[in-house]
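Step one of this worksheet: look at the structure below.
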Amino acid sequence: MAGNWKMNKTSEEARSFLGDFKLFVKDARDCDIVICAPFTLLPLLKKELENTNIKVGAQNIFYEDSGAYTGEVSALMVKEFCSYVIIGHSERRKYFNETNEIVNKKVKKALERGLKVIFCLGETLEEREKGITKQIVETQLREGLSKTTIENIVIAYEPVWAIGTGKTATPAQAEEVHIFLRELLRQLYNQEIADSTRIIYGGSVNQENASAILNMPNIDGCLPGGASLEASSFSNIIKS
Ligand code: PEP
């Protein structure tokens with residue numbers, strides 16, 4: 001259960017969220033909880049969440065360890081504060097022109113530096129309407145995870161048309177793609193990897209629709225964006 005805060009929250013807002021959130025989810029021991037926060041909040045989250053059941057994640061990294069890359073932050077740097085990183089989010093693909101090749105370099109670097117990767121993929125509305133959803137997610141998975149190991153990767157299926165739009169994929173639509181991705185993992189790796197890899201769903205998940213989505217057999221968790229910004233709604237999603 002990973003919350004993506006995107007470009008939201010000052011330290012004061014984060015502190016106030018955490019005060020409530022830690023209490024709301026303190027008994028949720030049967031799932032992994034991650035908050036993926038902006039870089040500026042990672043030291044604060046690390047400190048506030050030490051010895052709790054909540055882990056910290058970043059939302060991006062660059063694929064080099066250091067150097068003349070103004071404005072970028074490396075895996076080595078975020079590793080000081082967190083254990084997860086989101087890579088390949090559709091907003092990075094769309095606004096920052098991240099291709100499957102760039103995403104692949106980032107995944108490799110994150111794994112090399114010991115981070116767990118929440119690897120995002122998903123089709124646009126146009127691609128869904130053309131009937132090429134499976135082709136698109138297959139290419140994203142094959143190219144994004146080319147020559148990487150799979151053990152520390154969580155796959156997040158996030159249809160682009162459902163992100164931040166209030167339109168959620170129906171549980172059946174999401175399940176269909178999750179089944180397809182699991183079968184692809186079986187072909188690319190083996191049955192054990194296909195069964196044990198977590199495939200989570202993201203796209204306008206909220207406290208009302210979460211349990212129907214999470215009830216699907218191939219949906220192992222979710223990645224809410226907007227709904228993770230409020231301690232009560234994120235914790236209600238986790239409880240469902
Ligand atoms: C996301 O940030 O990955 C996301 C799915 O956002 P939202 O829940 O706001 O659609």
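The values are calculated or read from the model by the stated rules, or taken from the named source; none is laboratory data. A quick note: this is a predicted structure, and the numbers were derived from the prediction, not measured. Neighbour counts are summed over all protein chains in view; Cβ atoms, including those assigned to glycine, are modelled from backbone coordinates with ideal geometry. Areas reflect the complete protein model, heavy atoms only, side chains present, ligands, DNA and RNA absent. Shrake-Rupley method; radii C 1.70, N 1.55, O 1.52, S 1.80 Å.
Is it the case that residue 8 is of a type in the set (S, T, N, Q) and crowded, with 19+ Cβ neighbours inside 10 Å?
So residue 8 fails the test.
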Query raised in the report: Residues 116, 147: which one is within 15 Å of the chain's Cα centre (by Cα) and either open to solvent by 20 Å² or more (accessible area, probe 1.4 Å) or at pLDDT 95 or above (or both)?
Result: 116
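Yes/no matrix, rows are residues, columns are (1) under 17 Å from the mean Cα position of the chain (by Cα); (2) open to solvent by less than 40 Å² (accessible area, probe 1.4 Å); (3) in contact (Cβ under 8 Å) with a residue 12 or more places away in the chain; (4) under 25 Å from residue 15 (Cα atoms):
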residue: 46; (1), (2), (3), (4): no, no, yes, yes
residue: 50; (1), (2), (3), (4): no, no, no, yes
residue: 55; (1), (2), (3), (4): yes, no, yes, yes
residue: 64; (1), (2), (3), (4): no, no, yes, no
residue: 85; (1), (2), (3), (4): yes, yes, yes, yes
residue: 103; (1), (2), (3), (4): yes, yes, yes, no
residue: 108; (1), (2), (3), (4): yes, no, yes, no
Requested in this report: Taking residue 165 as meeting all but one of (1) open to solvent by 70 Å² or more (accessible area, probe 1.4 Å); (2) in a loop (DSSP other than H, G, I, E, B); (3) of a type outside the set (Phe, Trp, Tyr); (4) in contact with a helix residue (DSSP H, G or I) (Cβ under 8 Å, 6 or more places away or on another chain), write down the number of the exception.
Outcome: (4)
Query raised in the report: Is it the case that some residue within region 52-71 is more than 18 Å from residue 107 (Cα to Cα), acidic (Asp, Glu) and modelled with pLDDT of 95 or more?
Result: no
Requested in this report: Output the number of the condition that residue 218 fails; it satisfies all remaining conditions of (1) closer than 23 Å to residue 33 by Cβ; (2) within 10 Å of the ligand (Cβ to nearest atom); (3) not aliphatic (A, V, I, L, M).
Outcome: (2)
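Can residue 205 be described as among the hydrophobic types (A, V, I, L, M, F, W, C) and out of contact with any helix residue (DSSP H, G or I) (no Cβ under 9 Å at 6 or more places or on another chain)?
For residue 205, the condition - among the hydrophobic types (A, V, I, L, M, F, W, C) and out of contact with any helix residue (DSSP H, G or I) (no Cβ under 9 Å at 6 or more places or on another chain) - is not met.
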Query raised in the report: Can you spot a residue in region 76-83 that is surrounded by 23 or more Cβ atoms within 10 Å (Cβ to Cβ) and small (Gly, Ala, Ser)?
Result: no
Query raised in the report: Taking region 183-240, which residues are polar (S, T, N, Q), open to solvent by 40 Å² or more (accessible area, probe 1.4 Å) and out of contact with any Gly (no Cβ under 8 Å at 6 or more places or on another chain)?
Result: 187, 190, 191, 196, 207, 211, 215, 232, 236, 240
Requested in this report: Just give me the residues in region 74-100 being in contact with a helix residue (DSSP H, G or I) (Cβ under 7 Å, 6 or more places away or on another chain) and either modelled with pLDDT under 95 or over 17 Å from residue 156 (Cα atoms) (or both), in sequence order.
Outcome: 75, 78, 81, 82
Requested in this report: Taking residue 7 as meeting all but one of (1) touching a helix residue (DSSP H, G or I) at 6+ places or on another chain (Cβ under 8 Å); (2) without any contact (Cβ under 8 Å) to a residue 40 or more places away in the chain; (3) within 16 Å of the ligand (Cβ to nearest atom); (4) not charged (D, E, K, R), write down the number of the exception.
Outcome: (1)
Requested in this report: Taking the options 107, 177, 117, name whichever one is among the β-branched types (Val, Ile, Thr), in a helix (DSSP H, G or I) and within 26 Å of residue 46 (Cα to Cα).
Outcome: 107
